[in-house]
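The values are calculated or read from the model by the stated rules, or taken from the named source; none is laboratory data. Note that the coordinates shown come from a computational prediction; the quantities given were computed from them, not determined experimentally. Reconstructed Cβ throughout: ideal geometry from the backbone, glycine too, with neighbour counts over all protein chains shown. Note: accessible area is taken over every heavy atom of the protein model, side chains too, but ligands, DNA and RNA are not part of it. Shrake-Rupley method; radii C 1.70, N 1.55, O 1.52, S 1.80 Å.
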Amino acid sequence: MLGPGRAHWQDLWPTTQIDPATGDVTWRGQALVRLVRPSQILPRGLPLITVVGSGPSLREQRIEAIAPHSAILCNGAALLAERVQPLAVVVEDERFVFRHHGMLSVLDKAIPLFLSAAALRAFADADAGAFAGRAVALIDNLQKPVGGLRRDLSGPAWQDIAVMRNDAGFSRDVDRGVVITGTVAFSALQLAIAARPARILLAGIDLSNDAAPRFYEGADKAPSGLTAGLTRILDGFILARAEAARQNIALDCASPVSALLQVGYSYSDTLESVPLPV
């Protein structure tokens, strides 16, 4: 038994190991990939970064209005890669990798990946060759770091790195890790704010209709835990809004049904469908 302080080590077990000092990843004893730091992937100071989730609202929106080379695609939003030419794709959930590896395997090698430890191991188990020639960064969990003990981020040693609100938190140093809340879009938002663009637009981040299929799903809908964890998720997004304001980053939400509109996020009609002329 690893105990509660080391239980997260199972994310890489039994096939994958990461050397935190060098970023070297081995899979079944063979070299797999050398990770780059998260801050090395996203260009700093862009005019716009669009964080794209996979909420049902995207079905009714103008995907083509997402500016090319501005998007961070989360999970199933990777399906939009050919249409929006993204900056990166972000995946945290190993179950998504197992369920939709075909969607991820066809991504152009020029598209960098941000992967949690569990998603990285699942990706390697599905196709270890997929990492060749691709930039990959680890989304480390600041509270449960790879190779380290579980941390309490509420102490004074972390006050300049992690901002906390109830059970949620926000990381100001994404190379050290992000604070996980229960939705990959929040991790992507921490990465986006770290790149200090002039503006961040949130698309497909509904947090209000998880009983409905995601925009890319049909009747075979994967389960969602958003409703159960919504209080913590919204607390995290409240922290992110305050941090964006502190850095003079404009932060808007393009989903007209998003729960974020109830906690102070401004609505943007950037992606609204335009009726055809009669």
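Sort out which residues of segment 115-154 are outside any helix (DSSP H, G or I) and more than 19 Å from the chain's Cα centre (by Cα), and write them in order of number.
From segment 115-154, those outside any helix (DSSP H, G or I) are 115-116, 127, 132-154; that's our starting set.
Within segment 115-154, 127, 132, 133, 147, 148, 149, 150, 151, 152, 153, 154 meet the criteria.
Could you go through segment 183-199 and let me know if any residue there is over 28 Å from residue 21 (Cβ atoms), under 13 Å from the mean Cα position of the chain (by Cα), in contact (Cβ under 8 Å) with a residue 40 or more places away in the chain and open to solvent by 10 Å² or more (accessible area, probe 1.4 Å).
Among the residues of segment 183-199, at least one is over 28 Å from residue 21 (Cβ atoms), under 13 Å from the mean Cα position of the chain (by Cα), in contact (Cβ under 8 Å) with a residue 40 or more places away in the chain and open to solvent by 10 Å² or more (accessible area, probe 1.4 Å), which makes the answer yes.
When residue 228 is evaluated against the numbered criteria (1) open to solvent by 70 Å² or more (accessible area, probe 1.4 Å); (2) modelled with pLDDT of 95 or more; (3) not polar (S, T, N, Q), which criterion, by number, is the only one it fails?
(2)
Under the condition of being in a loop (DSSP other than H, G, I, E, B) and in contact (Cβ under 8 Å) with a residue 24 or more places away in the chain, which residue from segment 29-43 is nearest to residue 257 (Cα to Cα)?
Restricting attention to segment 29-43, the residues satisfying the condition of being in a loop (DSSP other than H, G, I, E, B) are 29, 35, 37, 41-43.
From what's left, in contact (Cβ under 8 Å) with a residue 24 or more places away in the chain: 35, 37, 41-43.
Numbers: 35: 37, 37: 34, 41: 31, 42: 28, 43: 30 Å.
Ranking the candidates gives 42 first.
If you take the residues in segment 113-131 that are touching a residue at least 40 places away in the same chain (Cβ under 8 Å) and open to solvent by 20 Å² or more (accessible area, probe 1.4 Å), which one is farthest from residue 42 (Cα to Cα)? Steps first, answer last, please.
Of segment 113-131, the ones touching a residue at least 40 places away in the same chain (Cβ under 8 Å) are 114, 116-118, 120-121, 124-125, 128, 131.
Subsequent filtering for residues that are open to solvent by 20 Å² or more (accessible area, probe 1.4 Å) retains 121, 125, 128.
Numbers: 121: 23, 125: 27, 128: 24 Å.
Only one residue fits best here, namely 125.
Looking only at residues that are charged (D, E, K, R) and in a loop (DSSP other than H, G, I, E, B) in segment 160-175, which one is farthest from the chain's Cα centre (by Cα)? First the steps, then the outcome.
Taking segment 160-175 first, the residues charged (D, E, K, R) are 160, 165, 167, 172-173, 175.
Imposing the further condition that a residue be in a loop (DSSP other than H, G, I, E, B) reduces the set to 160, 167, 172-173, 175.
Values: 160: 22, 167: 19, 172: 15, 173: 15, 175: 14 Å.
So the residue we want is 160.
Might you let me know whether segment 21-39 holds any residue that is under 18 Å from the mean Cα position of the chain (by Cα), at pLDDT 95 or above and buried (at least 19 other Cβ atoms within 10 Å of the Cβ)?
Taking segment 21-39 and keeping what is under 18 Å from the mean Cα position of the chain (by Cα), we get 35-39.
Now narrow it down to the ones that are at pLDDT 95 or above: 35-39.
If we keep only those that are buried (at least 19 other Cβ atoms within 10 Å of the Cβ) as well, we get 35, 38.
Yes, the conditions are met somewhere in segment 21-39.
For residue 157, work out the one condition from (1) of a type outside the set (Val, Ile, Thr); (2) modelled with pLDDT of 95 or more; (3) more than 22 Å from residue 94 (Cβ to Cβ); (4) not in a loop (DSSP other than H, G, I, E, B) it doesn't fulfil.
Every listed condition holds for residue 157 apart from (2).
Look at segment 232-265 and say how many of its residues are open to solvent by 50 Å² or more (accessible area, probe 1.4 Å) and of a type outside the set (A, V, I, L, M). First the steps, then the outcome.
Of all residues in segment 232-265, those open to solvent by 50 Å² or more (accessible area, probe 1.4 Å) come to 232, 241-242, 245-246, 248, 256-257, 261-262.
Next, only the ones that are of a type outside the set (A, V, I, L, M) stay: 232, 241, 246, 248, 256, 262.
Looking only at that region, the number is 6.
Among the residues of segment 74-102, what is the count of those that are part of a helix (DSSP H, G or I) and either open to solvent by 20 Å² or more (accessible area, probe 1.4 Å) or free of Cβ contacts under 8 Å to residues at least 12 places away in the same chain (or both)? Talk me through it step by step, then tell me what you get.
Going residue by residue through segment 74-102, those that are part of a helix (DSSP H, G or I) are 75-84, 94-102.
From the residues that got through so far, the ones that are either open to solvent by 20 Å² or more (accessible area, probe 1.4 Å) or free of Cβ contacts under 8 Å to residues at least 12 places away in the same chain (or both) too are 75, 79, 82-83, 94-95, 98-102.
Number satisfying all stated conditions: 11.
I'd like to check something: does segment 104-111 contain any residue that is modelled with pLDDT under 95, open to solvent by less than 20 Å² (accessible area, probe 1.4 Å) and either within 15 Å of residue 187 (Cβ to Cβ) or not in a loop (DSSP other than H, G, I, E, B) (or both)?
Yes, segment 104-111 contains at least one residue that is modelled with pLDDT under 95, open to solvent by less than 20 Å² (accessible area, probe 1.4 Å) and either within 15 Å of residue 187 (Cβ to Cβ) or not in a loop (DSSP other than H, G, I, E, B) (or both).
Considering each residue of segment 44-70, count those that are open to solvent by less than 60 Å² (accessible area, probe 1.4 Å), in contact (Cβ under 8 Å) with a residue 24 or more places away in the chain and outside any helix (DSSP H, G or I), and give that number.
Of the residues in that region, 13 qualify.
Kindly indicate the residue of segment 132-151 that is among the hydrophobic types (A, V, I, L, M, F, W, C) and surrounded by fewer than 19 Cβ atoms within 10 Å (Cβ to Cβ) and also nearest to residue 162 (Cα to Cα) among those meeting that condition. Let's see the steps before the verdict.
The first filter runs over segment 132-151 and keeps only residues among the hydrophobic types (A, V, I, L, M, F, W, C), leaving 132, 135-139, 142, 146, 149.
After this cut, where a residue has to be surrounded by fewer than 19 Cβ atoms within 10 Å (Cβ to Cβ) as well, the list is 132, 135, 149.
Details: 132: 33, 135: 26, 149: 17 Å.
Across segment 132-151, the extreme among qualifying residues is 149.
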